[in-house]
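*Asks:* Have a look at this one before I ask anything.
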Amino acid sequence: MGEQRGTHVPVLLERCLELLAPALALPGAVHVDFTLGLGGHAEAVLERFPDAVLIGLDRDPEALAHSGRRLARFADRTHLVHAIYDELPSVLAGLGRRVFHSGLFDLGVSSLQLDEPDRGFAYAQDAPLDMRMDQSRGITAEEVVNGYQPGDLVRVLRTYGEEKFATRIVSAIVKERGRERITSTTFLADLVKEAIPAAARRTGGNPAKRTFQALRIEVNGELAAVESAVPSALDLLAPNGRLVVMSYQSLEDRIVKRAIAARARSTGPVDLPVELPGTGPSVRLLTKGSEPPTEAEVAANPRAASVRLRAVERVEQDQASGPGRDRDRMPAPHGGRGRRRPGERIEGEGP
């Protein structure tokens, strides 16, 4: 495998540790790093919390190999698993665990994948159109670009890239692939650039950015995995456990927001004066909406510029609800009433 590839600066490291610290200090704490990558966040957790056990998941075998070497000195309390983050239930069961106490999702593309041209994620460097996070399975971006029906390609670009020029881009792709197969990143990037109106090219960064994002999400099934993984993680979080999720684009963040909001409010009948057992909030919000990076963080690590962080704590069952508990006096995760009226926003559900 050779030397570690990629420049790795963990995003929002100190803020993540600050939020997770109370859970990591719990007796027998199990920390799940859902997106292990090159192991920067995991290494800090293991260094600062000598009793914590790490379960590190990653779909990229190369990332697992690198992080395995990085974390070798902690081998007696680490379990590194080749898995996608929505496979947590089976991973925990395989390790004889029912719950975990601390968890971190660092969604998006890792430094390893971005910095290596041969992975095909970067539009500024020429490489084969791959974009698989796990190169041992699945379809490639080349197969999507050359094999999808035009209507399906338009859907992918519009839905996952929020690309308003999707039809023009797909028309250019279809015309070109009729002559020869599209196989390289720079060729596709140039094709996209030429398909977009000149005025639109002058703002918003590289014109191919949204197309490449959309293809990456399609190839790796990212949104479907997030939709499954975050609710599952919230359900498997131990009482007083904490979960931090960092998203880098609005589609992911909306999914995370919905999953958290659903558990931060009561599910009982709205007209009852008391909270029924088992219907109270199951999590307490630790951040007000999504938390952006500080200017200092972005200056130190430009890849943190688009990150949005959300964090919650699992509420003990007897705190969330109880026999005949009056709703007006019930502790609520957002500092207000334990039940919201239809259409009323929970504080912290903002952008």
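The values are calculated or read from the model by the stated rules, or taken from the named source; none is laboratory data. Source: prediction; values computed, not measured. No Cβ is skipped: glycine too gets one built from the backbone with ideal geometry, and neighbour counts run over all protein chains shown. For the accessible areas, the whole protein counts, side chains as well, though only heavy atoms, and no ligand, DNA or RNA atoms are used. Shrake-Rupley method; radii C 1.70, N 1.55, O 1.52, S 1.80 Å.
*Asks:* Of all residues in the stretch 172-215, count the ones that are out of contact with any helix residue (DSSP H, G or I) (no Cβ under 7 Å at 6 or more places or on another chain) and of a type in the set (D, E, K, R).
*Replies:* 6
*Asks:* In addition: Considering only the stretch 12-43, state which residues are surrounded by fewer than 19 Cβ atoms within 10 Å (Cβ to Cβ), among the aliphatic types (A, V, I, L, M) and outside any helix (DSSP H, G or I).
*Replies:* Selection gives ALA25, LEU26.
*Asks:* Being modelled with pLDDT under 50, part of a helix (DSSP H, G or I) and buried (at least 18 other Cβ atoms within 10 Å of the Cβ), is that true of even one residue in the stretch 295-311?
*Replies:* First, pick out the residues of the stretch 295-311 that are modelled with pLDDT under 50: none.
Checking the stretch 295-311: not a single residue is modelled with pLDDT under 50, part of a helix (DSSP H, G or I) and buried (at least 18 other Cβ atoms within 10 Å of the Cβ).
*Asks:* Anything in the stretch 142-182 that is surrounded by fewer than 17 Cβ atoms within 10 Å (Cβ to Cβ) and of a type in the set (S, T, N, Q)? List them, or say none.
*Replies:* GLN149, THR159, THR167, SER171
*Asks:* Now for a separate question. Out of all the residues in the stretch 73-105, which are among the hydroxyl-bearing types (Ser, Thr, Tyr) and assigned to a strand (DSSP E or B)?
*Replies:* Result: THR78, SER102.
*Asks:* Could you tell me which numbered condition ILE139 fails, if it satisfies all but one of (1) at pLDDT below 95; (2) touching a strand residue (DSSP E or B) at 6+ places or on another chain (Cβ under 7 Å)?
*Replies:* With (1) at pLDDT below 95; (2) touching a strand residue (DSSP E or B) at 6+ places or on another chain (Cβ under 7 Å) applied to ILE139, the lone miss is (2).
*Asks:* Right, here's the next one. Restricting attention to the stretch 204-249, and to residues there that are open to solvent by 50 Å² or more (accessible area, probe 1.4 Å) and assigned to a helix (DSSP H, G or I), which single residue is nearest to GLU316 (Cα to Cα)?
*Replies:* My answer is ASP235.
*Asks:* On the given criteria, is VAL192 open to solvent by less than 10 Å² (accessible area, probe 1.4 Å), farther than 30 Å from ASP58 by Cα and not in a strand (DSSP E or B)? Full working, then the answer.
*Replies:* On the way: open to solvent by less than 10 Å² (accessible area, probe 1.4 Å): yes; farther than 30 Å from ASP58 by Cα: yes; not in a strand (DSSP E or B): yes.
Criteria met by VAL192.
*Asks:* Within the stretch 136-179, count every residue that is assigned to a loop (DSSP other than H, G, I, E, B) and touching a residue at least 40 places away in the same chain (Cβ under 8 Å).
*Replies:* 6
*Asks:* Considering only the stretch 121-135, state which residues are open to solvent by 20 Å² or more (accessible area, probe 1.4 Å), at pLDDT 85 or above and touching a strand residue (DSSP E or B) at 6+ places or on another chain (Cβ under 8 Å).
*Replies:* PRO128
*Asks:* Filter the stretch 45-83 for residues that are farther than 21 Å from LEU243 by Cα, crowded, with 21+ Cβ neighbours inside 10 Å and of a type in the set (Asp, Glu); which is nearest to the chain's Cα centre (by Cα)?
*Replies:* Only one residue tops the list, namely ASP60.
*Asks:* Quick check on my filter: what residues within the stretch 64-119 are modelled with pLDDT under 95 and on the phi > 0 side of the Ramachandran plot?
*Replies:* Scanning the stretch 64-119 gives a single hit, GLY108.
*Asks:* Say we look at the stretch 86-112 and pick out the residues that are within 16 Å of HIS31 (Cβ to Cβ) and in contact with a Lys or Arg (Cβ under 8 Å, 6 or more places away or on another chain); which of these is most open to solvent (accessible area, probe 1.4 Å)?
*Replies:* Among those residues, the one meeting the criterion is HIS101.
Residues are listed down the side, and each one gets a yes or a no for (1) touching a residue at least 24 places away in the same chain (Cβ under 8 Å); (2) small (Gly, Ala, Ser); (3) touching a Leu at 6+ places or on another chain (Cβ under 7 Å):
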{"site": "LEU12", "(1), (2), (3)": "yes, no, yes"}
{"site": "LEU26", "(1), (2), (3)": "yes, no, no"}
{"site": "GLY37", "(1), (2), (3)": "yes, yes, yes"}
{"site": "ARG48", "(1), (2), (3)": "yes, no, yes"}
{"site": "ALA52", "(1), (2), (3)": "yes, yes, yes"}
{"site": "HIS66", "(1), (2), (3)": "yes, no, yes"}
{"site": "ALA72", "(1), (2), (3)": "no, yes, no"}
{"site": "SER90", "(1), (2), (3)": "no, yes, no"}
{"site": "GLY94", "(1), (2), (3)": "no, yes, no"}
